[in-house]
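Beneath this line is the structure, given in structure tokens, with notes to follow.
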Amino acid sequence: MKLFVPFAESRLMPDTRLAGPMPWVIAIMMFLMVLAAASGLALAQAARAMGGDLAHRATIQVVEANADIREAQARAALAMLARHPAVADAKRVTDAEIAALLEPWLGGEAMGGDLPVPALIDVTLRPGNDADRLAPALAKAAPAARIDDHAQALAPLTGLLAALKWLAAALVVLMAAATTAVVVLTARGALTSHRATIDVMHLLGATDLQIARLFQRRIAIDAFAGGLLGLAGAIAVVVLLGVRLAALGSELVGSLTLAWWGWALLAALPVAGMLLAMFAARWTVIAALRRIL
Amino acid sequence: MGGIVQFDNVGLRYGTGAETLSDISFTLAPGTFHILTGPSGAGKTSLLKLLYLAQRPSRGLIRLFGEDIVTMPRARLPGFRRRIGVVFQDFRLVPYLSAYDNVALPLRVAGVSEKELDGPVREMLAWVGLANRATARPATLSGGEQQRVAIARAVIGRPELLVADEPTGNVDPEMAGRLIHLFDALNKLGTTIVVATHDIHLIGRVAHAQMMRLDRGRIADPTGALRHPPSRPAA
């Protein structure tokens with residue numbers, strides 16, 4: 001299938017670039033589409049990172065008012081965890097780290113006073129295991145211990161991320177549909193304004209495909225120019241947002257990044273937009289031409 | 001048989017109105033020259049539209065170059081149209097193309113390379129006296145000049161059938177004579193020519209032309225010569 005017209009045929013229509021509203025409408029559509037796609041990709045990346053880094057982690061708290069018993073149970077729990085097949089790593093949270101965690105709420109003296117502070121153990125599970133597997137052994141080793149499963153705690157957040165990811169995908173599809181509609185309307189308008197020329201070309205023996213190629217070439221070039229413009233604007237916004245998010249220094253927000261293939265996918269959107277516009281124009285023109293002899 | 005064009009009981013109706021053309025039957029032998037006359041509204045332009053495949057008939061049979069074009073699939077029509085040259089009454093030049101590009105249009109549509117088409121296009125423009133107007137757009141050309149560009153465009157591809165609707169309506173008698181000479185030369189090379197005109201001088205200028213008269217959508221053929229023409233063109 002010949003997608004682009006040879007030089008001789010290309011001279012059959014006026015070569016006006018960015019003359020109508022279509023390239024600018026496509027630039028706006030592409031701007032929004034790239035932002036939606038970038039959001040979706042970043043959210044997917046964040047969900048993956050969360051699944052990899054946080055979901056396989058649990059915290060064990062030994063809640064016992066008696067400091068000696070608490071310490072004994074914490075040691076027993078740590079020893080049990082070190083032997084347990086579901087555990088990749090278990091590490092006692094030091095008093096200094098606990099003090100730093102409590103300081104914003106209880107002040108610097110929390111660890112030194114009579115306030116019973118639980119002993120904490122950070123556990124990293126091997127893939128395919130969840131924290132519930134530790135419960136029976138832990139109940140024997142440290143009856144005062146309880147398990148905080150990060151995956152369960154993060155479930156509402158990962159659910160939200162997944163929903164936002166699909167929303168972004170839906171927005172990209174809707175934007176692509178709106179772009180197609182713009183192209184169809186533009187092609188119909190061009191057909192109407194060039195009707196006399198099309199009639200002459202038909203009577204001189206031009207085929208539907210020859211005429212359609214003239215329109216699809218013009219529309220593809222306009223769509224590509226608009227797409228590049230929209231992409232440039234959206235990339236600038238994405239980079240700016242990335243700089244701002246990085247400045248927050250949050251582990252959660254910091255996971256909102258784009259992999260190299262994400263950037264490649266965004267860069268490919270104007271090409272995809274151009275191909276979509278080209279085929280929409282081709283289909284529209286051929287469908288219209290079939291209604292005339 | 002052997003006609004390049006054959007109409008058999010052809011009728012043409014636009015929408016639900018009365019028939020514009022009724023019971024049209026004639027055969028045009030290859031290499032003949034025909035002049036179609038008749039009062040305004042007689043159906044001359046409608047008949048020409050059927051000839052240059054802008055319209056299909058409402059009834060009857062039309063054979064062109066030996067093939068039935070009434071039932072022919074739409075996709076095959078462009079190939080037939082390339083064998084027909086048309087001079088439209090309203091010229092129908094492409095407004096954003098130069099005179100050169102307008103004349104070159106049928107060759108470009110047919111896929112002729114720029115290198116191959118340049119010589120014939122310049123020669124044709126010189127023939128119609130527009131060599132120095134090659135780059136001019138139609139809007140800057142006079143009515144007569146536009147008509148000559150339209151004629152050059154119609155004959156550039158050496159068509160097997162040339163259909164012209166009032167081709168000398170906007171040119172002076174001298175240019176009309178040159179154009180008729182061009183048609184005559186083309187006819188001698190084998191092109192079948194059908195010219196619709198009111199110009200009685202034109203009728204007298206082509207001695208071997210056969211007359212076709214349309215009146216109120218019906219063709220007058222009292223001798224039957226149009227239905228059963230001689231196999232060779234009249235001298």
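I need the full set of residues from the range A:191-213 which are closer than 15 Å to B:Arg82 by Cα and of a type in the set (D, E, K, R), in order please. Passing the criteria: A:Asp199, A:Asp208.
Note on the range B:111-131: residues that are closer than 30 Å to A:Leu209 by Cα, hydrophobic (A, V, I, L, M, F, W, C) and in a helix (DSSP H, G or I) amount to 4.
Among residues of the range A:200-234 being within 14 Å of another protein chain (Cβ to nearest Cβ) and among the charged types (D, E, K, R), the one that is surrounded by the fewest Cβ atoms within 10 Å (Cβ to Cβ) is A:Asp208.
For B:Gly60, the stated conditions do not hold, so it cannot be described as more than 8 Å from chain A (Cβ to nearest Cβ), in contact (Cβ under 8 Å) with a residue 60 or more places away in the chain and small (Gly, Ala, Ser).
Take the conditions at pLDDT 90 or above, polar (S, T, N, Q), assigned by TED's automatic domain parsing to the domain that holds B:Gly217 and buried (at least 20 other Cβ atoms within 10 Å of the Cβ) and apply them to B:Thr27. Does it pass? No.
Does the range B:87-107 hold any residues that are in a loop (DSSP other than H, G, I, E, B), more than 9 Å from chain A (Cβ to nearest Cβ), over 22 Å from B:Gly119 (Cβ atoms) and in contact (Cβ under 8 Å) with a residue 24 or more places away in the chain, and which are they? Hits for the range B:87-107 are B:Gln89, B:Phe91. When A:Lys165, A:Lys140 are screened for being surrounded by fewer than 16 Cβ atoms within 10 Å (Cβ to Cβ) and farther than 30 Å from A:Thr284 by Cα, only A:Lys140 passes.
For the range B:132-151, taking the residues that are assigned to a helix (DSSP H, G or I), among the small types (Gly, Ala, Ser) and modelled with pLDDT of 90 or more, the one that is farthest from B:Ala164 (Cα to Cα) is identified as B:Ala139.
One residue stands out in the range A:52-89 among those that are in contact with an Asp or Glu (Cβ under 9 Å, 6 or more places away or on another chain) and of a type in the set (Val, Ile, Thr): the one that is farthest from A:Pro118 (Cα to Cα), namely A:Thr59. For the range B:77-86, the criterion of being among the basic types (Lys, Arg), out of contact with any Gly (no Cβ under 9 Å at 6 or more places or on another chain), under 16 Å from B:Leu162 (Cβ atoms) and at the interface with chain A (Cβ under 8 Å from one of its Cβ atoms) is met by no residue. Inside the range A:49-91, residues that are in contact with a helix residue (DSSP H, G or I) (Cβ under 6 Å, 6 or more places away or on another chain) and among the charged types (D, E, K, R) make up a count of 2.
Within the bounds of the range B:170-191, is there any residue that is at pLDDT 80 or above, of a type in the set (Ser, Thr, Tyr), assigned by TED's automatic domain parsing to the domain that holds B:Ile4 and not in a loop (DSSP other than H, G, I, E, B)? Scanning the range B:170-191 turns up no residue that is at pLDDT 80 or above, of a type in the set (Ser, Thr, Tyr), assigned by TED's automatic domain parsing to the domain that holds B:Ile4 and not in a loop (DSSP other than H, G, I, E, B).
The values are calculated or read from the model by the stated rules, or taken from the named source; none is laboratory data. Remember, predicted model here, so these are calculated numbers, not experimental data. Using ideal geometry, Cβ is built from the backbone for each residue, glycine included, and neighbour counts are taken over all protein chains shown.
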